[in-house]
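Colleague: Let me give you the structure first, and then I'll get to my questions.
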Amino acid sequence: MTSNSSTVGQLLWHGPVCTSWKQEQEGAIYHLANCILLLGFMAGSGVYGGLYLFGFLGTGYLCHVLWGWFNACGLDVVLWSALLTAACLLQLGHLVYRLRVDTLPEEFCLLYKTLGMPLRVPLHTYQEIIRCCHQQVLTLATEQTYAVEGETPINQLSLLLAGRVRVSQDGQFLHYIFPYQFMDSPEWESLHPTEEGVFQVTLTAETECSYISWPRKSLHHLLDRERYISGLFSALLGYDISEKLYTLNDKLFAKFGLRFDIRLPSLYHVLGPSTSDGGLESEKDDQENCEPAMSPAEALPTSAQPTPSVTSSPSATSLPAPLPRARMSRPDSSVLGEDSTSLVLEDFEEVSGSESFMDYRSDGEYMR
């Protein structure tokens with residue numbers, strides 16, 4: 001026991017005692033194995049980094065097996081190298097299996113590159129999202145209807161992958177839906193999870209279309225469970241709805257050809273004039289116009305009116321026609337503090353006359 005402890009202490013404190021160093025070098029297989037191991041430890045992270053790492057490590061340990069068998073002639077060298085080679089090969093098999101399982105169909109792979117990668121969505125999160133739609137790609141033939149106005153229930157959320165869909169209301173065209181846009185995002189956002197509703201527009205495929213669809217209940221369960229996915233869908237749906245609003249804004253034209261913006265704050269006074277203030281002002285203007293038309297005789301009390309003579313001419317008794325009210329000139333914008341927006345809107349109101357949004361029977365007729 002004392003001799004063993006003295007030997008260990010000698011190895012720890014004084015190092016191994018080499019009686020003589022080998023004059024010849026190891027063979028080429030030994031040096032090749034170490035070079036391959038050096039390259040293997042330069043691998044990165046991720047699945048492909050793991051494939052690189054264990055591929056080189058397995059090859060390097062295999063070279064150590066050959067070196068221990070032919071040159072070192074050591075059974076311990078062969079066994080340890082063979083064990084490490086087997087561990088690397090098993091890890092390689094596991095990584096290949098994961099890579100095969102994680103492989104997406106072509107449509108979903110392109111969708112991930114278009115929407116997921118710019119937002120840096122993790123691949124496993126994206127896979128959970130597409131598992132909710134059962135990884136099924138649905139199709140629409142040309143002129144096939146996806147939803148009918150007032151009939152189709154809102155029970156799913158769909159994303160167009162290819163083709164073009166026409167949106168109309170009351171037979172009037174509103175806008176198009178293009179690939180990688182939601183087909184029913186306004187309807188989805190208009191309802192709470194416990195509410196039911198039907199489409200207010202008709203969606204018709206103009207070309208052959210393909211899309212994916214999430215069932216409403218399944219998607220709500222997923223959004224309630226995963227906060228990251230819920231925030232992701234909120235951002236995507238909000239952007240999609242804003243794009244549709246801008247598309248509708250491009251269709252708003254006055255009949256004389258001037259385009260105006262629905263975001264202008266004072267556009268309400270042009271599209272929908274108020275009836276309370278406008279009615280009072282119009283009555284006041286009518287009274288002002290009628291007062292000068294009254295004769296001085298009619299303005300006097302009845303008891304003070306003189307008796308008209310029989311020989312008075314008919315022209316003296318007839319009331320003069322009211323004079324047309326002169327149009328007031330617009331004051332300088334610098335005095336009233338108006339900006340260019342209000343001036344444009346006043347020009348719009350002058351040209352359009354009395355027509356407004358309230359004069360149309362429906363939104364579709366106004367959008368025409």
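Only the coordinates and a few stated rules stand behind these numbers; no lab work does. For clarity, every value in this text was computed on a predicted model and none was experimentally measured. Note that each Cβ is placed from the backbone with ideal geometry, even for glycine, and that neighbours are counted across all protein chains shown.
Colleague: Can you list residue pairs whose Cβ atoms sit under 9 Å apart, with the first residue in the range 27-42 being closer than 14 Å to Leu53 by Cα and in contact (Cβ under 8 Å) with a residue 60 or more places away in the chain and the second being buried (at least 16 other Cβ atoms within 10 Å of the Cβ) and of a type outside the set (Lys, Arg)? Count only pairs 6 or more apart in sequence or on different chains.
Modeller: none
Colleague: Here's something else I'd like to know. Return the residues of the range 140-155 that are in a strand (DSSP E or B) and in contact with a Cys (Cβ under 9 Å, 6 or more places away or on another chain); say none if nothing qualifies. Before the answer, list the steps.
Modeller: Step one: list which residues in the range 140-155 are in a strand (DSSP E or B), which gives 140, 145-147, 153.
Correct list: Leu140, Tyr146.
Colleague: Which count do you get for residues in the range 113-163 that are among the small types (Gly, Ala, Ser) and over 18 Å from Thr202 (Cβ atoms)?
Modeller: Here is the first cut: in the range 113-163, the ones among the small types (Gly, Ala, Ser) are 116, 141, 147, 150, 158, 162-163.
Checking which are over 18 Å from Thr202 (Cβ atoms) leaves us with 116, 162.
The total comes to 2.
Colleague: Please pick out the residue among Glu149, Glu143 that is among the acidic types (Asp, Glu) and surrounded by 13 or more Cβ atoms within 10 Å (Cβ to Cβ). If you could, list the steps in order and put the result at the bottom.
Modeller: Values: Glu143 fails: surrounded by 13 or more Cβ atoms within 10 Å (Cβ to Cβ).
Testing whether each residue is among the acidic types (Asp, Glu) and surrounded by 13 or more Cβ atoms within 10 Å (Cβ to Cβ) leaves just Glu149.
Colleague: Sticking with this structure for a sec: Can you tell which of Gln127, Gln156, Gln136 is touching a Lys or Arg at 6+ places or on another chain (Cβ under 6 Å) and under 30 Å from Leu219 (Cα atoms)? Write out each step before concluding.
Modeller: Values: Gln127 fails: touching a Lys or Arg at 6+ places or on another chain (Cβ under 6 Å); Gln136 fails: touching a Lys or Arg at 6+ places or on another chain (Cβ under 6 Å).
Of Gln127, Gln156, Gln136, the one residue that is touching a Lys or Arg at 6+ places or on another chain (Cβ under 6 Å) and under 30 Å from Leu219 (Cα atoms) is Gln156.
Colleague: Please go through the range 34-52 and pick out each residue that is part of a loop (DSSP other than H, G, I, E, B) and closer than 21 Å to Ser81 by Cβ.
Modeller: Step one: filter the range 34-52 for residues part of a loop (DSSP other than H, G, I, E, B), giving 41-45.
Of everything in the range 34-52, those that are part of a loop (DSSP other than H, G, I, E, B) and closer than 21 Å to Ser81 by Cβ turn out to be Phe41, Met42, Ala43.
Colleague: Between Glu189, Glu206, which is surrounded by 13 or more Cβ atoms within 10 Å (Cβ to Cβ), under 17 Å from Glu243 (Cβ atoms) and not hydrophobic (A, V, I, L, M, F, W, C)? Show your work before the answer.
Modeller: Numbers: Glu206 fails: under 17 Å from Glu243 (Cβ atoms).
Just one listed residue meets the conditions, Glu189.
Colleague: Looking only at the range 219-229, count every residue that is surrounded by 15 or more Cβ atoms within 10 Å (Cβ to Cβ) and in a helix (DSSP H, G or I) and tell me the total.
Modeller: Step one: of the range 219-229, the residues surrounded by 15 or more Cβ atoms within 10 Å (Cβ to Cβ) are 219-220, 222-223, 226, 229.
Imposing the further condition that a residue be in a helix (DSSP H, G or I) reduces the set to 219-220, 222-223, 229.
Residues flagged as surrounded by 15 or more Cβ atoms within 10 Å (Cβ to Cβ) and in a helix (DSSP H, G or I) within the range 219-229 amount to 5.
Colleague: Looking at the range 24-45, can you tell me whether even one residue there is under 49 Å from the mean Cα position of the chain (by Cα) and farther than 23 Å from His94 by Cβ?
Modeller: Yes, there is a match, as at least one residue in the range 24-45 is under 49 Å from the mean Cα position of the chain (by Cα) and farther than 23 Å from His94 by Cβ.
Colleague: Right, something else. Please go through (1) of a type outside the set (A, V, I, L, M); (2) under 20 Å from Leu223 (Cα atoms); (3) not in a loop (DSSP other than H, G, I, E, B) for Ser81 and return the number of the only condition it doesn't satisfy.
Modeller: Result: Ser81 fails condition (2) only.
Colleague: I would also like to ask the following. Name the pairs whose Cβ atoms lie under 7 Å apart, with the first residue in the range 156-185 and among the acidic types (Asp, Glu), the second part of a loop (DSSP other than H, G, I, E, B), and 6 or more positions between them or separate chains?
Modeller: Partner pairs satisfying both residue conditions: Asp170/Ser362; Asp184/Ile154.
Colleague: Among (1) of a type outside the set (D, E, K, R); (2) part of a helix (DSSP H, G or I); (3) over 20 Å from the mean Cα position of the chain (by Cα), which single condition is Thr125 missing?
Modeller: So the condition that Thr125 fails would be (3).
Colleague: Also, I was wondering about something else. Within the range 147-154, identify whether any single residue is free of Cβ contacts under 8 Å to residues at least 40 places away in the same chain and not hydroxyl-bearing (Ser, Thr, Tyr), and answer yes or no.
Modeller: Residues of the range 147-154 free of Cβ contacts under 8 Å to residues at least 40 places away in the same chain: none.
Scanning the range 147-154, I find no residue that is free of Cβ contacts under 8 Å to residues at least 40 places away in the same chain and not hydroxyl-bearing (Ser, Thr, Tyr), so the answer is no.
Colleague: Could you say which residue among Leu174, Leu232 is within 25 Å of Gln127 (Cβ to Cβ), touching a Ser or Thr at 6+ places or on another chain (Cβ under 9 Å) and not small (Gly, Ala, Ser)?
Modeller: Leu232
Colleague: Checking the conditions here, which among Arg131, Arg120 is outside any helix (DSSP H, G or I), basic (Lys, Arg) and more than 30 Å from Val65 (Cβ to Cβ)? Quick ask: steps written out before the conclusion?
Modeller: Details: Arg131 fails: outside any helix (DSSP H, G or I).
Just a single option satisfies the conditions, and that option is Arg120.
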